[in-house]
Every structure is written in C-alpha cells, then in structure tokens.
Amino acid sequence: MALQHAKESKILELLKKLDDNDRRTQAIDLSGSTVFREKSVKLCASLADALQRNSRLTALNLSNCSIGDGSAKQLANVLRDNATIFDLNLSYNKLGRPGLTAIGSALATNVGLKSISLANHRVDSVSYTHLTLPTKRIV
C-alpha cells in the first residue's frame, strides 16, 4: 500500500490497522510521504507503538521520511523482538551513528529481517561493526 501523497488521516487509519493486527495489512510503503516527513517524530512513535503488537506486517518502506536518530531508536526497540518484518527500507533519512548503531544492535537479536536498505547514510566503522551480521542482507 503506497501512501506517498496520503493525507494524515489516511496514515493514522493505517496505523490503527497495524495496531489492530489487520491481516490484510502486510506491506506498507510510506516512502517520500509529505505528511510523514513533516511529522516524522510523532508518526514514527505511533508506528513503533503499533508494531509492538503487530504480527502481520512483512514489508515496511520508510525511505525519504526524515527519520532521525531518536525515531530510529524507537524502531530498533521494535525490531529487536520482531519476527515478521522481512524487508525494511530506511534509505535517504537522517540517520547518524546513534540511529545506525541502535538499528545494528537490534539486528543482533532480530530473527525475521532478511533485507534492510540504508542507502545514502554514512556508515562509519562503529556503525558498521553493529550492522555487519552474516544472516542479514544490508544494501
């Protein structure tokens, strides 16, 4: 479900579906969403909260959503124990060492994620150490 030009009400409706563990909501594409970029902190917190209870979502595209380190840490807390999200795209956001390190640390215990995209982020040696796990495909 692509939501690049969706209004805030549509995104909140989608987050409610995630929170309710709706079986038809298996892939979400918020890439480049104007609303998500403007309200990334608030919406990312709501997304992370909904994902805590969701066991149906398998693909999440948050590329170009202005996600910063704080929001990345919230997502990392969800990813740590999540076994259903297989594909995650965090490309073209505002992730620095703290966010990338948090994501990398979460990957150490995550058993579901098969592919994560972090294109257009500077990965220094500290972040790289956390992100290099043999069972994950990082692009």
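Once a ≥ b ≥ c are taken as the square roots of the eigenvalues of the Cα gyration tensor of region 1-77, is the result rounded (a/c under 1.5), prolate (a/b larger than b/c) or oblate (a/b not larger than b/c)?
oblate
In vacuo Debye scattering of the chain, one point per C-alpha: log10 I(q)/I(0) at q = 0.10, 0.12, 0.14, 0.18 Å⁻¹?
With one equal scatterer per Cα and no solvent, log10 I(q)/I(0) is -0.28, -0.41, -0.56, -0.96.
Taking all protein chains as present, what is the carbon and sulfur share of the accessible area of region 1-88, in % to the nearest whole number, probe 1.4 Å?
Answer for region 1-88: carbon and sulfur cover 46 percent of the accessible area.
Which whole-number value in Å² is the accessible area per residue of region 1-78, probe 1.4 Å?
So region 1-78 comes to 49 Å² accessible per residue, rounded to a whole number.
With the contact rule set at Cα under 8 Å and sequence spacing of 6 or more, what percent relative contact order holds for the chain?
The value is 20 percent.
List the residues, sorted by chain then number, that are 5 or more residues from Ile28 or on another chain and whose placed amide H is less than 5 Å from its amide H.
Ala59, Leu60, Asn61
Using the scaling law 2.2 N^0.38 Å as the reference, what is the normalised Cα Rg of region 47-129?
Against the compact-globule rule of thumb, the ratio is 0.98.
The values are calculated or read from the model by the stated rules, or taken from the named source; none is laboratory data. All figures in this text were calculated on a predicted structure; none of them were measured in a lab. Calculation scope for accessible area: heavy atoms of the full protein, side chains included, ligands and nucleic acids excluded. Shrake-Rupley method; radii C 1.70, N 1.55, O 1.52, S 1.80 Å.
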